[in-house]
Amino acid sequence: MAVAAAAARVWGSSRGLGRVGLLLLRRSGARGLARSHPQRQQQPFSSLDDKPQFPGASAEFVDKLEFIQPNVISGIPIYRVMDRQGQIINPSEDPHLPQEKVLKFYKTMTLLNTMDRILYESQRQGRISFYMTNYGEEGTHVGSAAALDSTDLVFGQYREAGVLMYRNYPLELFMAQCYGNVSDLGKGRQMPVHYGCRERHFVTISSPLATQIPQAVGAAYAAKRANANRVIICYFGEGAASEGDAHAGFNFAATLECPVIFFCRNNGYAISTPTSEQYRGDGIAARGPGYGILSIRVDGNDVFAVYNATKEARRRAVAENQPFLIEAMTYRIGHHSTSDDSSAYRSVDEVNYWDKQDHPISRLRHYLQSCGWWDDEQEKAWRKQSRKKVMEAFEQAERKLKPSPSLLFSDVYQEMPTQLRKQQESLARHLQTYGEHYPLDHFEK
């Protein structure tokens, strides 16, 4: 204390005493001063009461080393409404749709099937350059499309023609796009099956895998900010879910709370890669919880199960502003595309099983017949009528001219840049000199 008092006289202020006193308390000579202020006693603390405070996870501490197993959930169940014979399993899950609507389901699915067969053969005959069929996946298209509002925005991959068809996209425009003629809304610039229609709120298909996923989330975020009472649906396959864009899209959708439905068609193969080589976890639905997304797995060959799941997801996505993930389990009966020969990597018996034993069209037909809404005579008449409609559109598309070559340079820039104008002029000179070597009479002037 005497040392501290002397220091006070040197500094001449109580503030100076505080600074020097603090230094002295850190030395052994200040122990007596410290004893004059009793310390607070630390409360007894049990490790059992210790709760994690980390901001990045909600969990409890454990005192045992154990890694989480990949199959922590032993198989996410597959929701279904109908069995393979078209019988309703649980009456409380029956959507009780009117006859007219169920008949539209069936006619859309069978018309799509007929169009696929004709355009596939068309490509094999060299009439069009490329095609992709939808065999076996018709139920995923129609069931989901029927559950949406007509103004809901659709981002497809390339095997969702049934969604457009359900929205009454004309056969003539399907054919025009595949033939790339003057009636094509895309002016012949896209390869076949890359449809798009602003009027029906269907964003034009692009070939690169999964690019539509983050785009759909951006559109959903915009719809949320505008209070548009609208949902965005984004289709993709299980192969596309391996792309980095899928991760980005899922995470953005969850954190930004966007009204988007991620609709995965898990059809067993990403071109030739089977699901056993595509992922090790329990499919795509299992990924949803990791992102904080409500998820469900449905029987994609059951059009009612797809309808119920999509309808509920849409209702909640709009009401709650949150994303949903639907994994529709189905099977790609056809080749991946006309560039693929699936017999090189799967057996004919495997394909026949799904075609004959568990086809979405057959299942719905059984349901219609059990309700007395459809019979063999109606089936025969509709098959004939639908083929005639497709063939008429097909023949009309073949007769039409191709778009003018000048359209190669339009619709990108408001004012054509100098370099592009030079290319246009160069093409014009080339065709003027060598035009006889090109089928210019097939193109619109």
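The values are calculated or read from the model by the stated rules, or taken from the named source; none is laboratory data. Just so it is clear, the structure is predicted and the values come from calculations on it, not from any experiment. With ideal geometry, Cβ positions are generated from the backbone for all residues, glycine too; neighbour counts draw on all protein chains shown. Quick note on the areas: whole protein, heavy atoms, side chains included, nothing else; ligands and nucleic acids left out. Shrake-Rupley method; radii C 1.70, N 1.55, O 1.52, S 1.80 Å.
Once both axes come from the Cα atoms, what is the angle between helix 138-147 and the longest principal axis of the chain, in degrees from 0 to 90, rounded to 10?
Here the helix axis deviates by roughly 70 degrees.
Calculate the translational D of the stretch 122-261 in whole µm² s⁻¹ from Stokes-Einstein, where the hydrodynamic radius comes from the Kirkwood formula applied to all Cα pairs, the temperature is 37 °C and the viscosity 0.692 mPa s.
Details: Rh = 15.7 Å.
For the chosen part, D equals 209 µm²/s.
Taking the Cα atoms only, what angle lies between the long axis of helix 348-357 and the longest principal axis of the chain, rounded to 10 degrees?
90
Divide by every residue of the chain the summed helix terms, -39500 (n - 2.57) for each DSSP H run of at least 4, and state the resulting mean residue ellipticity at 222 nm, rounded to the nearest 500 deg cm²/dmol.
Helix contribution divided over all residues of the chain: -13500 deg cm²/dmol.
Starting from the stretch 309-352, pick out the chymotrypsin sites (Phe, Trp or Tyr not before Pro) whose DSSP state is loop and whose Cβ has at most 16 other Cβ atoms within 10 Å.
Listed in order of number, the matching sites are TYR345.
From the alpha carbon gyration tensor of the stretch 222-324, can you work out the equivalent ellipsoid semi-axes (sqrt of 5 times each eigenvalue) and give them in Å, largest to smallest?
Semi-axes from the Cα gyration tensor: 24, 16, 11 Å.
What does the accessible area per residue of the chain come to in Å², with a 1.4 Å probe and no ligands, DNA or RNA counted? Walk me through the intermediate numbers first.
On the way: 25080 Å² over 445 residues.
Per-residue accessible area for the chain comes out at 56 Å².
Using alpha carbons only, how many degrees (0 to 90, rounded to 10) separate the axis of helix 14-25 from the longest principal axis of the chain?
80
Calculate the dipole size of the chain relative to its Cα centre from +1 charges on Lys and Arg beta carbons and -1 charges on Asp and Glu beta carbons; express the result in debye to the nearest 20. The partial results should precede the final answer.
Numbers: 53 positive and 49 negative charges, 482 e Å.
Taking the Cα centre of the chain as origin, the dipole is about 2320 debye.
Within 10 Å, count the other beta carbons around each residue, average over each peptide in 384-393, 152-161, 429-438, 284-293, and list them highest first.
152-161, 284-293, 384-393, 429-438
Hey, what's the Kirkwood Rh for the chain if you take every pair of different alpha carbons, in angstrom?
26.2
Whole angstrom only: what separates the Cα centroid of the stretch 331-365 from the Cα centroid of the stretch 175-193?
After rounding, the separation between the Cα centres reads 28 Å.
FRET efficiency for ARG198 and PHE409, Cβ-Cβ distance as r, R0 = 30 Å, nearest 0.05? Numbers along the way, then the final one.
Details: r = 22 Å, r/R0 = 0.73.
FRET efficiency, ARG198 to PHE409: 0.85.
Taking the Cβ-Cβ separation of LYS445 and THR151 as r and a Förster radius of 45 Å, what is the calculated FRET efficiency to the nearest 0.05?
0.75
Sum up the charges of everything whose Cβ sits under 15 Å from the Cβ of PRO214, counting Lys and Arg as +1 and Asp and Glu as -1, but leave PRO214 out.
Values: positive: none; negative: GLU243, ASP245.
Cβ neighbours under 15 Å give a net charge of -2.
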